[in-house]
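Read the structure below first, then the notes.
Where a number appears in this text, it was derived from the coordinates with a stated rule and is not lab data. Only a predicted model underlies this, so the values are computations on that prediction, with no experimental measurement involved. For neighbour counting, all protein chains shown are included, and Cβ atoms are generated from backbone atoms with ideal geometry for every residue, glycine included.
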Amino acid sequence: MPETIFVLNGPNLNLLGTREPEIYGSDTLDDIAGMLEDRARELGLEIDLRQSNHEGHLVDWLHEAQAEGARAVLLNAGAFTHTSVALHDAIKAIRTPVIEVHLSNPHTREAFRHKSYVGMAAKATIAGFGAQSYLLAFEGASRL
Ligand code: CA2
């Protein structure tokens, strides 16, 4: 059975590619899923990409990643990045490595985006490369 990398996406990322392309690029989440699936096939891995606007779903999916024996989780928690102690605790509670991913570089943006509860618990962070952030994080995860 090929190993799976979970790719979890938080609030509003279902709208990717439809608005604010100057910040987030014009690729949709489906486009990103396609890019990751192509690379996963080459590496003999599988991806399980999900999106939710609900914090608890993301917590449940982090637990599920560990229960399913996933190789790693790529997590773009959207705005929950900057608010969620629950996600911080969930990342700490699992042994599965979690890589924080962002399309934009939050440190070059508003001050409220400079703090990351996800990043404080994650193994690594990739940010600022647009959709390529996901591919770069996937490459790293595939080598763990
Ligand atoms: O840069 C990222 O990936 C972010 O996680 C995106 C979040 C933002 O709150 C973080 O600070 C950084 C926002 C995702 C909202 O996605 C949209 C997509 C299209 C149109 C509007 C919002």
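At a glance:
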read-out	value
Rg/Rh for the chain, where both radii come from Cα atoms and Rh is the Kirkwood radius	0.93
Under Karplus coefficients 6.51, -1.76 and 1.60, residue-wise ³J(HN,Hα) of the stretch 8-13 in Hz, glycine/proline x	9, 10, x, x, 6, 6
Centroid-to-centroid separation of the stretch 87-122 and the stretch 33-82 [C-alpha atoms, Å]	14 Å
Cα lying deepest toward the dipole's positive end in the stretch 6-144, options Val7, Ala70, Thr125, charges on Cβ	Thr125
Amide proton proximity set for Ala72, modelled H, under 5 Å, gap of 5+	Phe6
Helix-derived mean residue ellipticity, 222 nm - over the chain, DSSP H n ≥ 4, -39500 (n - 2.57), to 500	-10500 deg cm²/dmol
